[in-house]
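The next block holds one structure in the form of structure tokens; read it before the comments.
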């Protein structure tokens, strides 16, 4: 990708990728079949011949072969039909078009999805139907299957294909007879990826985006976590959606009828949902996992790039906020796996957006329910939810329709601050607003680690103290990768239900009973403490290994003993200087300083509650086990047990730092 500069005084922006900048692969049998179908469509011209050719693609790849795709379906005054949008290389992407009742040209709101096979497809069905809402409010709503998924030909290469295709999709939509030339993009998770990647190329007719619960750094937030491969997300996300679709497409390419291929893909998913828990995630070396070799080769690309390099830089939104010239309405959730991306994208756009309107118009909503895996065992009391779609409607009305609806005079930041209960599992909370995040008046609160040398388990002597400095002998535990600490709660996706482990809020008491978990707990609070913003841990540690991991978890201990996890993250020793720095192994037995950015939260610690920090060395299967050898985990099968010591004395200060808002008005229950 090349950067091109505009006139003096402006920021550079990413050039729309040309054909020479696409990743080129030798076509497989499936690829040759798809290319042939695309060529058929290009040769078909227009009118009846083109519609017939498009239908041949549709019938070949979609769930219900023979279903009429070109006809119009109407519901509640909204008319829907399917078109095929040509990309610059001739690939035609299936696009459901929802037209409002009023004829003429209208602004367009588009969502681009890879999830059609699993989450429903077609006019007024499944995930496609969600854009009918926009048609009911005077927009043309579009749902497009991204390249290589469900009804769209091509080979799916997540993230990396979305700059060129996103640019082309926006410009195609702007040029249609039902469009007035103003296009917005919407959607959550991977939909949000397509928004950011398109925005990086600055399509002339893109006017606004509204990415929700999504990432902006696809090394640190999507495939890796601070240098550690995000094993569970990479395997379960791929299994949930893309491997079955690729399997279906391979069967069709070799002559299997579409209906039979769909049935086989369903069986593939059902068969492997159990295997991912019992077998897949445990396989080492990581690269030896064979099941995605032909179905999802990008999985092995990710493993081949553990370090931040040009491979990741080209799609790193945080490196190129200056290329984005349109405002973004960002929404996320405290328990979402991408909450860091939500906050950083708002902060980055406000500081570095590529135009005045991009900087001033970008907004942030962080709520209590926006999470891929849900809130776990917690529920929110009624009245605390927010209608994000209604906020997005006002946002689009302002930037795509020019409505003077007061948006620019309203607070740009809306945050839900949760209030964990004293007993039970129903959280309260309240909303705060502002212009910036962190909120004005936010101060760092430091809680120092202390112990008598036995902080192991919640019954140990580990203490968090805001008044005294770090002191006491170090705390030691043995980390055996053969017996890792089990993932229990946190920001997770996908397939987290069942008897294995849960996402969101879970009681950490069982985890804190393990001898390889160090637990540091404050005295019960006497006053409310408003923690709204970033949390981090800085600590000194020694290890007998050349490389290892340290995990940290922020916990609110309720008066009834329930240990509610708020945030958790990891640091890999070789990336102790940061995941974008050159890796460097450690010397066994030497003391090193580490920092773990835990992310962001909005939570009130009530009187009687205690602040807790858990430290260990594993969180499996969310993260793969560090085998403590210092070798490449993608190719290493050796396992070594490590002895870990957390230091906290005057020469090695170790502490938890929270973002505290002393003047925050907390409503009475």
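The values are calculated or read from the model by the stated rules, or taken from the named source; none is laboratory data. What you see is a predicted model, and the numbers here were worked out from it, not measured in a lab. Here the Cβ positions follow ideal geometry from the backbone for every residue, glycine too, while neighbour counts run over all protein chains shown.
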Q. Would the range 180-188 turn up any residue that is closer than 30 Å to residue 624 by Cβ and either in the same structural domain as residue 94 (by TED's automatic domain parsing) or surrounded by fewer than 24 Cβ atoms within 10 Å (Cβ to Cβ) (or both)?
A. yes
Q | Residues located in the range 93-106, provided they are closer than 19 Å to residue 203 by Cα and buried (at least 24 other Cβ atoms within 10 Å of the Cβ) | A | 93
Q. Residue check: is residue 633 in contact with a helix residue (DSSP H, G or I) (Cβ under 6 Å, 6 or more places away or on another chain), modelled with pLDDT of 95 or more and part of a loop (DSSP other than H, G, I, E, B)?
A. no
(Q) Just to check your reading of the model, which residue among 374, 322, 341, 370 is buried (at least 18 other Cβ atoms within 10 Å of the Cβ), under 16 Å from the mean Cα position of the chain (by Cα), touching a residue at least 12 places away in the same chain (Cβ under 8 Å) and not in a loop (DSSP other than H, G, I, E, B)? (A) 341
(Q) So for the range 66-77 (the condition being surrounded by 15 or more Cβ atoms within 10 Å (Cβ to Cβ) and assigned to a strand (DSSP E or B)), does at least one residue qualify? (A) yes
Q) Does residue 303 satisfy the condition of being surrounded by 14 or more Cβ atoms within 10 Å (Cβ to Cβ) and touching a strand residue (DSSP E or B) at 6+ places or on another chain (Cβ under 9 Å)? A) yes
Q | Residue ID - surrounded by the fewest Cβ atoms within 10 Å (Cβ to Cβ), chosen from residues in the range 276-300 that are over 24 Å from residue 159 (Cβ atoms) and under 24 Å from the mean Cα position of the chain (by Cα) | A | 282
Q: Run down 589, 599, 630 and say which single residue is more than 21 Å from residue 657 (Cα to Cα) and in contact with a strand residue (DSSP E or B) (Cβ under 7 Å, 6 or more places away or on another chain).
A: 589
Q: Sort through 268, 300 and tell me the only one that's farther than 30 Å from residue 395 by Cα, modelled with pLDDT of 95 or more and not assigned by TED's automatic domain parsing to the domain that holds residue 152.
A: 300
(Q) Test of understanding: among 485, 478, 517, which residue is under 20 Å from residue 591 (Cβ atoms) and touching a residue at least 24 places away in the same chain (Cβ under 8 Å)? (A) 478
Q: Check off (1) at negative phi; (2) surrounded by 14 or more Cβ atoms within 10 Å (Cβ to Cβ); (3) without any contact (Cβ under 8 Å) to a residue 60 or more places away in the chain for residue 420 and give me the number that stays unchecked.
A: (3)
Q) Are there any pairs, at least 6 apart or on different chains, whose C-beta atoms fall under 9 Å, with the first in the range 196-207 and modelled with pLDDT under 95 and the second surrounded by fewer than 23 Cβ atoms within 10 Å (Cβ to Cβ), and if so, which? A) none
Q. Can you find even one residue in the range 129-141 that is assigned to a strand (DSSP E or B) and modelled with pLDDT of 95 or more?
A. yes
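The rows are residues; the columns are (1) surrounded by fewer than 20 Cβ atoms within 10 Å (Cβ to Cβ); (2) in a strand (DSSP E or B); (3) touching a helix residue (DSSP H, G or I) at 6+ places or on another chain (Cβ under 7 Å).
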position: 431; (1), (2), (3): yes, yes, no
position: 446; (1), (2), (3): yes, yes, no
position: 460; (1), (2), (3): no, no, no
position: 473; (1), (2), (3): yes, no, no
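Just to check your reading of the model, which residue among 524, 481 is assigned to a loop (DSSP other than H, G, I, E, B), out of contact with any helix residue (DSSP H, G or I) (no Cβ under 7 Å at 6 or more places or on another chain) and crowded, with 21+ Cβ neighbours inside 10 Å?
Just a single option satisfies the conditions, and that option is 481.
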Q. Taking the range 527-544 as the search range and keeping residues that are in contact with a strand residue (DSSP E or B) (Cβ under 8 Å, 6 or more places away or on another chain) and assigned to a loop (DSSP other than H, G, I, E, B), which one is surrounded by the fewest Cβ atoms within 10 Å (Cβ to Cβ)?
A. 528
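A quick yes/no check of all residues on (1) free of Cβ contacts under 8 Å to residues at least 24 places away in the same chain; (2) closer than 16 Å to residue 156 by Cα; (3) assigned to a helix (DSSP H, G or I); (4) touching a helix residue (DSSP H, G or I) at 6+ places or on another chain (Cβ under 9 Å):
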| residue | (1), (2), (3), (4) |
| --- | --- |
| 238 | no, yes, yes, yes |
| 241 | no, yes, yes, yes |
| 247 | no, yes, yes, yes |
| 262 | no, no, yes, yes |
| 271 | yes, no, yes, no |
Q: Would you point out which residue out of 351, 358 is buried (at least 18 other Cβ atoms within 10 Å of the Cβ), assigned to a helix (DSSP H, G or I), free of Cβ contacts under 8 Å to residues at least 40 places away in the same chain and outside the structural domain of residue 118 (by TED's automatic domain parsing)?
A: 358
Q. Taking residue 375 and the conditions (1) at pLDDT 95 or above; (2) within 24 Å of residue 556 (Cα to Cα), which numbered condition does it fall short on, given that it satisfies the others?
A. (1)
Q.
Please determine whether any residue of the range 145-155 is crowded, with 21+ Cβ neighbours inside 10 Å, outside any loop (DSSP other than H, G, I, E, B) and in contact with a strand residue (DSSP E or B) (Cβ under 7 Å, 6 or more places away or on another chain).
A. yes
Q.
If I filter the range 500-510 for residues that are at pLDDT 95 or above, more than 34 Å from the chain's Cα centre (by Cα), over 30 Å from residue 243 (Cα atoms) and surrounded by fewer than 22 Cβ atoms within 10 Å (Cβ to Cβ), do I get at least one hit?
A. no
Q.
Taking the conditions exactly as written (at pLDDT 95 or above, within 19 Å of residue 371 (Cα to Cα) and in a strand (DSSP E or B)), does residue 567 satisfy them or not?
A. yes
Q: Could you tell me which numbered condition residue 440 fails, if it satisfies all but one of (1) surrounded by fewer than 21 Cβ atoms within 10 Å (Cβ to Cβ); (2) more than 22 Å from residue 666 (Cβ to Cβ)?
A: (2)
Q.
Checking the condition at pLDDT 95 or above, over 23 Å from residue 540 (Cα atoms) and not in a strand (DSSP E or B), which residue from 583, 669, 588, 662 passes?
A. 662
